[in-house]
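A.B. asks: A single structure is presented below for examination.
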Amino acid sequence: MKISQISPGAAVNEHPFPFDPSYGMDLDALLQVSAPDNAPSDFAEFWSRRYNEARDTTVEPKLGRKVRSARGVEFYEIEFTSVGGVRLGGWLALPADGEVERGFVFGHGYSGRDAPDSVLPVARAAAIFPASRGLPTKGLIPGVPADPGGHVLHGVESPATYIVGGCVADLWCAATALTELVPAAGRRLDYSGISFGGGTGALALPWDDRFTAAQLIVPTFGNHPLRVTLECNGSGAAVRERFLTDPAVLDVLAYFDAATAARHLRLPVHAVPALFDPSVPPPSQFAIVNSLAGPVEALVATAGHFHEFPQYTQETVRLVRATREFFAA
């Protein structure tokens, strides 16, 4: 693994949280965190079966109206069908000149997505920005909580019903929708996901040979047995509260551990874990990054899910540049 820091020596010195979002761990300590040892014996079989179900799904992509143009890229609304007959929305980005050489699938954070990214990492790419089932704005489903705390527990009583499994399937079906609408996107298909999208991406990618490379930014769902011991905000807090009253929930979450999945992920990965993060504890992030089985370029951020530190703008610019360099390789 190749490791560098965006801002060596930088740190978050002030924050409003009643706990320490660095958890008292420096980079050396974080690099020692591994995947949990409670992986189900049928983990790979479980996910291979889910993947085959997604590939057998008729996605029926429908291109909608053009919503805007920016920097030589045109953005359209899109709909497609995912596993279980769930109809989802999102956006499709196409080069204005029609020259497509590759494709991207972009996964969003747990707040959902209300618009596509305005800039793509490389030129001549077609990209899909799908909404995951149950999440704003184009994935909302009656009866499924849209808030992170409610969503992350929906159906957690069984691996067969847990909503995160459906969200992973949504990424596979989104890739199918993209390549059906724009076949040239399949020449080289890459993935980029942040937070929730980083975790679902790590769960999705090991089983799908259509992808060439991936970027995982502050990914979630890593090492659940460790994560539930760490105070945090957001969806992780809801999972931790559920664990404290129902420890057996870890038996289900073991099938949805992104660090366990990372041991099966052999694609080149650009990983962006953070040293400080109040929503996705850094040990959980590094459990994923440290477990990746293929070539890894790890670019360590000073903080994730937190912007109030002097180097934030500078780090954002550097991350954009590093992303372009990785996907251009």
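A.B. asks: Run the dipole for the chain about the Cα centre, Lys and Arg Cβ at +1, Asp and Glu Cβ at -1, nothing else charged, and hand back the magnitude in debye, nearest 20.
C.D. replies: 880 debye
A.B. asks: Here's a follow-up. Taking springs between alpha-carbon atoms closer than 10 angstrom, which of 279, 158, 82 fluctuates most in the Gaussian network model of the chain?
C.D. replies: Comparing 279, 158, 82 in a Gaussian network model of the chain, the most mobile one is 158.
A.B. asks: Hey, what number do you get for the chain at 222 nm if only DSSP H runs of n ≥ 4 count, each worth -39500 (n - 2.57), divided across all residues, to the nearest 500? Don't skip to the end; give the middle numbers.
C.D. replies: On the way: 11 runs with 102 residues, N = 329.
Mean residue ellipticity at 222 nm (helix-derived): -9000 deg cm²/dmol.
A.B. asks: Oh, and also: Around residue 118, with a cut-off of 11 angstrom between Cβ atoms, what is the net charge of the other residues, counting Lys and Arg +1 and Asp and Glu -1?
C.D. replies: Numbers: positive: 68, 71; negative: 117.
Residues close to residue 118 contribute a combined charge of +1.
A.B. asks: Per residue of region 228-241, what does 6.51 cos²θ - 1.76 cosθ + 1.60 with θ = phi - 60° give for ³J(HN,Hα)? Whole Hz please, x for Gly and Pro, Karplus curve as stated.
C.D. replies: Values, residue by residue: 6, 8, 10, 5, 7, 9, x, 4, x, 5, 5, 5, 5, 5 Hz.
A.B. asks: Which of 40, 156, 271 sits farthest toward the positive end of the charge dipole of region 2-328, with +1 on the Cβ of Lys and Arg and -1 on the Cβ of Asp and Glu?
C.D. replies: Value computed over the given set: 271.
A.B. asks: OK, next. Could you go through region 186-196 in sequence order and give the Karplus-derived ³J(HN,Hα) for each residue, using 6.51 cos²θ - 1.76 cosθ + 1.60 with θ = phi - 60°, rounded to whole Hz, and x for Gly and Pro?
C.D. replies: x, 4, 8, 10, 10, 10, 9, x, 10, 6, 3
A.B. asks: Taking amide hydrogens as modeled 1.01 Å from N in the peptide plane, which residues meet the under 5 Å criterion relative to residue 7, leaving out close sequence neighbours?
C.D. replies: 302
A.B. asks: Relative contact order of the chain: what whole-number percent is it, with Cα pairs under 8 angstrom and at least 6 residues apart? Could the numbers behind the result be given before it?
C.D. replies: Numbers: 738 pairs, mean separation 72.2, N = 329.
Result for the chain is 22 percent.
A.B. asks: Putting +1 on Lys and Arg Cβ atoms and -1 on Asp and Glu Cβ atoms, find which of 295, 120, 245 reaches farthest to the positive end of the dipole of region 2-328.
C.D. replies: Selected residue: 120.
A.B. asks: Now for a separate question. For a quick check, take a GNM of the chain with Cα springs below 10 Å and name the residue from 95, 247, 206 with the largest mean-square fluctuation.
C.D. replies: Residue with maximal mean-square fluctuation among 95, 247, 206: 247.
A.B. asks: How would you rank 203, 63, 267, going from fewest to most other Cβ atoms within 10 Å of each one's own Cβ?
C.D. replies: On the way: 203 28, 63 14, 267 19.
Fewest-to-most ranking of 203, 63, 267: 63, 267, 203.
A.B. asks: Report the residue, chosen from 174, 96, 237, that carries the largest GNM mean-square fluctuation when the chain is represented by alpha-carbon nodes joined by springs under 10 Å.
C.D. replies: 96
A.B. asks: Return the inverse of the average 1/r over all pairs of distinct C-alpha atoms in region 210-329, which is the Kirkwood hydrodynamic radius, in Å to one decimal. Intermediate results must be reported in sequence, preceding the final value.
C.D. replies: On the way: mean 1/r = 0.0662 Å⁻¹.
This gives a value of 15.1 Å.
A.B. asks: Given points 7 Å out from each Cα along the Cα-Cβ axis, report the residue 328 to residue 160 separation in nanometres with one decimal.
C.D. replies: Here the answer is 5.0 nm between the modelled labels.
A.B. asks: Given a cut-off of 28 Å, what percent of all Cα-Cα pairs of the chain lie beyond it?
C.D. replies: Working: 19493 of 53956 pairs.
Value for the chain (Cα pairs over 28 Å): 36 percent.
A.B. asks: Dipole of the chain (Lys/Arg Cβ +1, Asp/Glu Cβ -1, origin at the Cα centre): which of 213, 223, 186 lies farthest to the positive side?
C.D. replies: So the residue furthest toward the plus end is 186.
A.B. asks: Taking 0.36 nm per intervening residue step and subtracting the Cα-Cα distance, what contour gain separates residue 44 from residue 87 on full extension? Numbers along the way, then the final one.
C.D. replies: Details: separation 43, 0.36 × 43 = 15.48 nm, distance 2.69 nm.
Length gained, residue 44 through residue 87: 12.8 nm.
A.B. asks: Here is a further query. Please list, by residue number, every one of the trypsin sites (Lys or Arg not before Pro) in region 31-138 that is coil in DSSP and has at most 12 other beta-carbon atoms within 10 Å.
C.D. replies: On the way: sites: 49, 50, 55, 62, 65, 66, 68, 71, 87, 102, 113, 124, 133, 138; in loops: 71, 124, 133, 138.
Passing sites in region 31-138 are 71.
A.B. asks: Still on this structure, I have one more. Which ³J(HN,Hα) values, rounded to whole Hz and listed in residue order, are derived for region 72-77 from phi using the Karplus coefficients 6.51, -1.76 and 1.60 in 6.51 cos²θ - 1.76 cosθ + 1.60 with θ = phi - 60°, glycine and proline given as x?
C.D. replies: The phi angles translate into x, 10, 10, 10, 10, 6 Hz.
A.B. asks: Now for a different question. Counting other C-beta atoms within 10 Å, which of 141, 288, 78 has the fewest, and how do the rest follow? Please list the in-between numbers first.
C.D. replies: Values: 141 16, 288 33, 78 24.
In order of increasing Cβ crowding within 10 Å: 141, 78, 288.
A.B. asks: Right, something else. Going 7 Å from the Cα of residue 15 along its beta-carbon direction, which residues of region 270-290 have the amide nitrogen within less than 13 Å of the resulting point?
C.D. replies: 274-285
No value in this document is a laboratory result; all are computed from the given coordinates. Note that the coordinates shown come from a computational prediction; the quantities given were computed from them, not determined experimentally. Here the Cβ is made from the backbone with ideal geometry for all residues, glycine too, and neighbour counts use every protein chain on show.
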